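Visitor: Following this message is one structure expressed as structure tokens.
Derivation of every value follows stated rules applied to the coordinates shown; laboratory data play no part. It should be emphasised that the depicted structure is a prediction, and the values quoted were computed from it without experimental measurement. Reconstructed Cβ throughout: ideal geometry from the backbone, glycine too, with neighbour counts over all protein chains shown.
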Amino acid sequence: MLTARNLTVTYPDGGRGVEDVSFDIESGESVALAGGNGAGKTTLLLALVGILPAKAGSVEVGGLRFSKENRVEYRRAVGLVFQNPDDMLFMPRALDDIMFGPRNLGLSETEARQRAYEVITELGIDHLAERSPLKLSGGEKRMAGLAAVLAMRPSALLLDEPTAFLDPRARRVLIRALERLPQAKLIATHDLAFAGALCSRALLLKEGRLYADGPRDDLFRDERLMDECGLEASLPIPAAGVYWR
Amino acid sequence: MHMADALLHPAVGGVMWAAGAAAIGVSAKKSAAGDTSGSRLPLMAVSGAFVFAAQMINFTIPGTGSSGHIGGGILLAALLGPFPALLAIASVLLIQCLFFADGGLIAYGANLFNMGVIPCLLAYPLVFKPIMSKGWTAWRLRAASVAAVAAGLLAGAFGVVLETQVSGITRLPFGAFVLLMMPIHLAIGIVEGIITAAVLSYVYAARPEILERAAAVGSTVTPAGARSLRPVLLTLAAAALVTGALLSQFASSFPDGLEWSIERTAGSAELEADAPAFRRAQSVQDATAFMPDYGFGENSERSEALGTASAGVVGAVITAALAVGAGAAVRAVKRKRAA
Amino acid sequence: MSAGAALSLETLSMGGSPLHRVHPGVKMVCAFALIVLTLSFGRTDVAAMLPFLLYPSVAIGITDIPVGLLARRMAAALPFAAFAGISNLLSDHAVMFRLGGLAVTGGMAACAGILLRTLLSVSYALVLIAATPFPEITAQMRRIHIPGIFIQTLEMTYRYIGTLTDETRGLTNAYRLRAGADDAGVRLARAGSLVGGLFLRTADRAERILAAMRCRGFEANGASVGTRPAHASDWIFLAAVCGSGLLLRIVDVPALIASVIAGMG
């Protein structure tokens, strides 16, 4: 469903992006993207939605390969939940933000509103809709941002450090919400326990390159591997769904 | 420098609104030009919020024990380009007007002109840019900033004085008014200019491309190419003529400002009722005032007997009581229904 | 006034009173009309202006706007008004009438007039913004074809003022905690790095916002909320407010009452 082929991205000022990254994520699969600071996680995610242009290689979602001409269609199919929700909630009310995407896709006012309320109900955030993002808590903003992306009905979902700004309870709410989503998911995160709760597979980035790709238990428990990537091997991780209820 | 509604005559407010609206129209067109992807929008908007927030910071001025803060017009013009800067300032002013009662609704046009059009579309291209066109050096930046900010503030303050005087609500002698406003705003301008220069040099050192991009936005107003400002000035002139002509027929207070200015220039102590506009307005007021002799208006008889004056006061008190009482009654009824 | 004050207005504007339900465009026209009518009074026509207190008074009664809020907004507008009022007091000594031993001068009347004008115009604007959610106001502005890019800037500025003020407050707090005794304000020498740094972070934030917008399909003129059509009740409201306003402008009610009283005595 979501494919990167030999993807290389560099920054105009020469800063390192990512180099020769390839992977494939199936529909319904949740994959963790781990790596130290500066490893290239955010860069990779921005390249996967076509915001950062690829110097070499390509990205594809559902067989549709990204190009400048089809960027709107492409970005409908893969959504990115930004790390800082303040960056993605830029309308006066949460409802307006959630309607923003559908409206840009050509839906009418009424259709967009309907779509927005569908998503709002699915996520159980009815009480947030009419409020200004300024008045929402970290967790509520995160859910509003998620709703704003889901309103475009993407086939693949990217999340950049979704547990940043969240308290433990909000984290639980987010996990439950994400568990129910059928899309292919790539979750960039430092929060290995969070990753473990949702993902059965992990990609490890080191200095812009894909260092490892395999079952998350194998990777996260490999002390040497984790150390090389600037991460810490974690204690035995409970099976998904057990600890977090 | 935000003007309140109470200071303005609606005609003056209307004229300035027309000018402000024209400025927004021109700036919108220029800002959108060459930017079909809308990439300038977030920067414009967040910069507006930035100016709003940065105005909260108080800077202590060494040696004086007083404080200053940034205004924003020149700063934004240098960081965004003059036309996007105007849109950002227009947004901030409207939000300040609506949500913080900083500036009135009718006065919005005037405020936009004094604090937006003058710094961004006049002081910046006519003072700042020419000085900086010879190259970016620290001292040139300081000079350009102080000069442009001070010039913008002085012109803006002068605008306030003019708009207030023509409205005729305040009665400060023109000379005294000017003498009061100018030195204060010159001092403020110097401080603000220094702060502006400091910020601009910091940004220039870190990311010079921001300032270079700003200088390229839209065609700027140079003495040679003042074409883009013409719509604003023409609208201003046209609106002034139209409203002046229309309203001198109907508004009873328009002659107020006129006759006061006439008195000032002619030096006569008493208001002469001979000016044609005044006579016409007198007849209009006579026709429309229900009881002209009991009115408190300018043109009523001044030799009231005590009883009549008290009746007038009582009448006023009763009216006020009725007006306020109506609201209290509504609230009481509402409470009762909710209970 | 703080950013917190703007937010409480936001809560107020989402209320459900009859006034909230009136069409936003109608409310905007009425507010403007009332302000213009109020401002058109003569400089010393104080008493004739009094009936206009009816509008804010009833509106506050209907909508539950706290009177303290009105008082605070008055305070914001007061400096200029006081300045104008005092200038009149000092310069206009023509006696208009006498009340007992008190000589009421044109200056005093004008001063009172300015204060009343201020109270009225501030209250009309307050009622408008407290009874109309901001998105409805901007939607209405779109309908009258105010340039889209300006309205988008306006909406986004509104959205981010709170965020930026929070960030600035954090900045100034951090400064003061390390400023020692010198913590009354920021030293002028630090202005460049403090404000400049704030701007650079703002510029970075703007880039991220733009990326987020593009991720959701934004290309140029973005999405917006629409307006609802005006109902018959809205037109009736408009006619009632503007009509009565015009009437009150022309008919000098206090003088009317005064003549009745004088006639009785």
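Visitor: Cut-off 10 angstrom, C-alpha nodes, Gaussian network model of chain C. Which of C:35, C:236, C:65 fluctuates the most?
Guide: C:236
Visitor: Less than 11 Å Cβ to Cβ from residue C:203, Lys/Arg counted +1 and Asp/Glu -1: what total charge do the surrounding residues give? It would help to have the intermediate numbers written out before the result.
Guide: On the way: positive: B:207, B:213, C:201, C:205, C:208; negative: B:209, C:204, C:207.
Surrounding charge for residue C:203 is +2.
Visitor: Enter the angle in degrees (range 0 to 90, nearest 10) between the Cα long axis of helix C:191-215 and the first principal axis of the Cα atoms of chain C, meaning the one along which they spread out most.
Guide: Helix C:191-215 and the main axis of chain C meet at about 80 degrees.
Visitor: Among the lysines, which fall within straight-line cross-link reach of residue A:68, defined as a Cα-Cα distance under 16 Å, with same-chain neighbours fewer than 8 residues apart omitted?
Guide: Partners within reach: A:55.
Visitor: Then there's this: How high is the relative contact order of chain A, given as a whole-number percent (alpha carbon pairs under 8 Å, six or more residues apart)?
Guide: 26
Visitor: Please work out the FRET efficiency for the pair residue A:117 and residue A:176, using the Cβ-Cβ distance as r and a Förster radius of 22 Å; give the result to the nearest 0.05.
Guide: Working from the Cβ atoms, E equals 0.60.
Visitor: Something else now. Given the options A:147, A:164, A:32, state which has the largest fluctuation in a GNM of chain A using a 10 Å cut-off (strictly under) for Cα springs.
Guide: Looking only at A:147, A:164, A:32, the largest GNM fluctuation is found for A:164.
Visitor: Which order do peptides A:44-53, C:41-50, B:142-151 fall in by mean Cβ count within 10 Å, highest first?
Guide: With the highest mean Cβ count within 10 Å placed first, the list reads C:41-50, B:142-151, A:44-53.
Visitor: Give me, ordered by chain and number, the residues 5 or more places off residue A:130 or on other chains with an amide H under 5 Å from its own placed amide H.
Guide: Residues meeting the criterion, in which the H sits 1.01 Å from N, do not exist here.
Visitor: While we're on this one: Residue by residue through region B:3-15, what is 3J(HN,Hα) from phi via Karplus (6.51 cos²θ - 1.76 cosθ + 1.60, θ = phi - 60°)? Round to whole Hz and write x for glycine and proline.
Guide: Karplus values, whole Hz, x for Gly and Pro: 7, 8, 4, 4, 7, 10, 7, x, 5, 4, x, x, 4.
Visitor: Peptide B:170-176: average number of partner chain Cβ atoms within 10 Å per residue?
Guide: Mean inter-chain Cβ contacts per residue within 10 Å come to 5.
Visitor: Still on this structure, I have one more. Name the residue, out of A:185, A:135, A:206, whose mean-square fluctuation peaks in a Gaussian network model built on chain A with Cα pairs under 10 Å.
Guide: Comparing A:185, A:135, A:206 in a Gaussian network model of chain A, the most mobile one is A:135.
Visitor: Please compute the average number of Cβ atoms from other chains found within 10 Å of each residue's Cβ in peptide C:87-99.
Guide: 5
Visitor: Hey, can you grab everything whose amide H is under 5 Å from the amide H of residue A:80? Only 5+ residues off in sequence or another chain; H modelled, so Pro and N-termini drop out.
Guide: Under 5 Å from the amide H of residue A:80: A:158.
Visitor: For the pair residue C:166 and residue C:21, what calculated FRET efficiency results from E = 1/(1 + (r/R0)^6), where r is the Cβ-Cβ distance and R0 = 41 Å, to the nearest 0.05? If you can, show how the numbers build up before the last one.
Guide: Numbers: r = 33 Å, r/R0 = 0.81.
Computed FRET efficiency for residue C:21 and residue C:166: 0.80.
Visitor: Within a 10 angstrom radius of each residue's Cβ in B:191-199, how many Cβ atoms of other chains show up on average? Whole number is fine.
Guide: Rounded to a whole number, the mean comes out at 4.
Visitor: How far, in degrees from 0 to 90, does helix C:106-131 lean away from the longest principal axis of the Cα atoms of chain C, to the nearest 10?
Guide: 50
Visitor: Cβ under 15 Å from residue B:104's Cβ, residue B:104 left aside: what net charge do those residues give with Lys, Arg +1 and Asp, Glu -1?
Guide: It works out to a net charge of -1.
Visitor: Taking the 0 to 90 degree range and rounding to the nearest ten, how far is the long axis of helix C:24-39 tilted relative to the main principal axis of chain C, both from C-alpha atoms?
Guide: Approximately 50 degrees, to the nearest ten.
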